[in-house]
Amino acid sequence: MSGGMWAEKYRPQTLDDMVNQSEIISRLKNFVKDRNLPHLLFVGPAGVGKTTSILALARDLYGPAYRSYILELNASDERGINVIREKVKNFARTASIASQVSFKILVMDEADSLTNAAQHALRRTMEIYTRTCRFCLIGKYSEIIIDPIQSRCSIFRFAPLSERDMKGWIRSIAKKEGVSLIEEGLVAIYEAAQGDLRKATNLLQAAAATQKDEVDDIVIYSVLGRVSPGKVRELLNMGLKGEFMEARKILRTLLIDEGLAADDIIRMIYSEIMRLSIPERWKVKLSDTLGEIDYRLTQGARPEIQLSALVANLALAGEEMDR
Ligand SMILES: Nc1ncnc2c1ncn2[C@@H]1O[C@H](COP(=O)(O)OP(=O)(O)OP(=O)(O)O)[C@@H](O)[C@H]1O
Ligand SMILES: [Mg+2]
């Protein structure tokens with residue numbers, strides 16, 4: 001596997017390469033075409049392309065040397081508004097002479113972490129340097145940004161990535177990295193990442209690092225430190241059908257190959273049992289057994305033996321229901 005983080009490696013360099021957010025991207029492209037820019041306010045959840053799109057815009061606008069025309073500050077890192085004002089002053093007072101564009105871009109990440117007072121100070125700074133500098137404020141929520149700033153900015157609301165776009169993107173990274181990713185794995189990534197493409201990419205990379213032959217849902221869940229609901233369901237079904245040895249085999253895979261903690265498995269089994277369509281009486285009985293096992297485990301009992309006892313109980317339940 002090649003070094004470095006894939007989320008960085010595959011970060012789109014230009015607006016053309018971005019996925020999803022198409023309405024936002026086309027508005028941003030118009031700014032590039034006009035070589036003009038209002039102040040911007042980007043809001044939305046993590047990993048949806050806020051930072052990426054302002055960097056891509058800058059590159060499209062200034063060319064490969066774009067780094068000299070853009071300054072990134074993180075509002076929560078920089079100590080106080082005075083530090084910010086000083087940095088902004090130094091950056092903004094020199095016009096961007098070398099470029100055909102008359103302004104530079106100042107990116108203020110986590111702008112919604114600024115106090116009200118700091119935001120008012122920032123607003124004055126924005127006014128002073130408005131000729132030579134455009135501000136791109138980034139945050140999770142726009143409501144936390146004071147009205148006087150909001151009214152000076154064009155607001156762009158980033159949404160979590162759609163299922164189709166996220167899956168397509170992840171599939172293409174897997175292909176480029178030579179990872180064999182099967183559909184179940186992709187679904188598990190999508191469900192865990194919830195529209196956050198950074199998280200999805202990191203998950204794929206972590207899964208690939210396990211060196212399994214293929215990335216399926218089990219690998220994803222084990223990377224997440226969680227039990228795959230699919231596997232647990234299979235375990236329960238096998239147990240109920242009286243396939244004791246099969247059920248134990250699945251149990252062993254979870255405990256030994258996947259290295260999952262017994263209490264995580266128990267928690268998962270519990271919630272799956274509650275969903276089973278079996279008589280109420282058996283749900284009570286099985287959760288009793290689970291409670292007992294959970295207790296014994298805290299007392300140092302061996303997980304495998306304890307969970308096998310549960311499987312035996314499932315088999316009994318299954319038998320009785322067949323009668
Ligand atoms: N719309 C997108 N198109 C292509 N790649 C994306 C997109 N959104 C996110 N990514 C990928 O996810 C990574 C993180 O995206 P980015 O840094 O833009 O997130 P963000 O919205 O700024 O999130 P945060 O609020 O956590 O800073 C990028 O490096 C890139 O690999
Ligand atoms: Mg960001």
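Just so you know, all these numbers are worked out from the coordinates, no wet-lab data involved. Keep in mind the model is a prediction, meaning the values are calculated, not measured. For neighbour counting, all protein chains shown are included, and Cβ atoms are generated from backbone atoms with ideal geometry for every residue, glycine included.
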- Message: Give me the net charge for the shell around residue 126: Cβ to Cβ below 10 angstrom, other residues only, Lys and Arg +1, Asp and Glu -1.
- Response: +3
- For an R0 of 25 angstrom, estimate the FRET efficiency from the Cβ-Cβ distance between residue 316 and residue 270 and round to the nearest 0.05. 0.90
- Can you tell me which of 76-89, 126-139, 256-269 comes out highest on packing, and rank the rest after it, using the mean Cβ neighbours within 10 Å? 126-139, 256-269, 76-89
- Message: If the only charges are +1 at each Lys and Arg Cβ and -1 at each Asp and Glu Cβ, what is the size of the charge dipole of region 56-133 around the Cα centre, to the nearest 20 debye?
- Response: 400 debye
- Task: Pull up all non-local amide H partners of residue 180: gap of 5 or more, or a different chain, and H-to-H distance under 5 Å with H placed in the peptide plane.
- Result: 215
- Message: If I take R0 = 45 Å and measure r between the Cβ atoms of residue 252 and residue 159 in this structure, what FRET efficiency does the formula 1/(1 + (r/R0)^6) give, to the nearest 0.05?
- Response: 0.60
- Under the classification rounded if a/c is under 1.5, otherwise prolate if a/b is larger than b/c and oblate if not, where does region 21-157 fall, given a ≥ b ≥ c as square roots of the Cα gyration tensor eigenvalues? oblate
- Item | Max mean-square fluctuation residue, GNM over the chain, Cα-Cα springs under 10 Å, options 225, 49, 291 | 291
- Query: For region 21-157, what's the relative contact order in percent, using C-alpha pairs closer than 8 Å and at least 6 residues apart?
  - Reply: 36 percent
- Query: Between residue 104 and residues 5 or more places away or on another chain, which pairs have amide H atoms under 5 Å apart, with H built 1.01 Å from N, and which residues are they?
  - Reply: 96, 133, 134
- Task: Rank 188, 312, 56 by mean-square fluctuation in a GNM of the chain with C-alpha springs under 10 angstrom and give only the top-ranked residue.
- Result: 312
- Task: State to the nearest 20 debye the size of the charge dipole of the chain about its Cα centre, where the only charges are +1 on K and R beta carbons and -1 on D and E beta carbons.
- Result: 1660 debye
- Hey, which aspartates and glutamates would be in cross-link range of residue 212, C-alpha to C-alpha under 19 Å, not counting anything within fewer than 8 residues on its own chain? 177, 183, 184, 257, 258
- Residue-wise, which Karplus ³J(HN,Hα) couplings in Hz belong to region 291-302, taking 6.51 cos²θ - 1.76 cosθ + 1.60, θ = phi - 60°, and x for glycine or proline? x, 4, 5, 4, 5, 4, 5, 5, 8, x, 5, 7
- Amide H to amide H, which residues 5 or more places from residue 40 or on other chains are under 5 Å from it, using H placed in the peptide plane? 135, 136, 137, 154
- Item | the chain: relative contact order in percent, alpha carbon pairs under 8 Å with at least 6 residues between | 16 percent
- Mean Cβ neighbour count within 10 Å, used as a protection proxy, ranking 271-284, 190-203 highest first: 190-203, 271-284
- Message: Starting from the 7 Å offset along Cα-to-Cβ, what nm value, one decimal, do you get for the label separation of residue 287 and residue 74?
- Response: 4.3 nm
- Query: Of 175/231; 50/199; 9/176, which sit over 21 Å apart, Cα to Cα?
  - Reply: 175/231
- Query: Quick one: putting +1 on the C-beta of Lys and Arg, -1 on the C-beta of Asp and Glu, what dipole do you get for region 93-175 around its Cα centre, in Debye to the nearest 20?
  - Reply: 360 debye
- Diffusion coefficient, µm² s⁻¹, Stokes-Einstein with Kirkwood Rh over alpha-carbon pairs of the chain at 37 °C and 0.692 mPa s: 141 µm²/s
- Query: When the Cα centres of region 293-323 and region 7-29 are compared, how far apart do they sit, in Å?
  - Reply: 52 Å
- Item | Positive minus negative residues near residue 113 (Lys, Arg vs Asp, Glu; Cβ under 13 Å) | -3
- Note on the structure: Restricting to Cα pairs under 8 Å and 6 or more apart, the percent relative contact order of region 163-223 works out to 40 percent
- Cβ-Cβ cut-off under 13 Å around residue 149, Lys and Arg +1, Asp and Glu -1: the net charge is -1
- Message: Among 10, 126, 158, whose Cα projects farthest towards the positive end of the dipole of the chain, with charges put on the beta-carbon of Lys, Arg (+1) and Asp, Glu (-1)?
- Response: 126
- Item | Calculated from backbone phi, Karplus (6.51, -1.76, 1.60) coupling profile of region 110-127 in Hz, x at Gly/Pro | 6, 4, 6, 8, 6, 5, 4, 4, 5, 5, 5, 5, 5, 4, 5, 4, 4, 5
- Please give, to one decimal in nm, the separation of the simple spin-label points placed at residue 152 and residue 277, each 7 Å out from Cα toward the Cβ. 6.2 nm
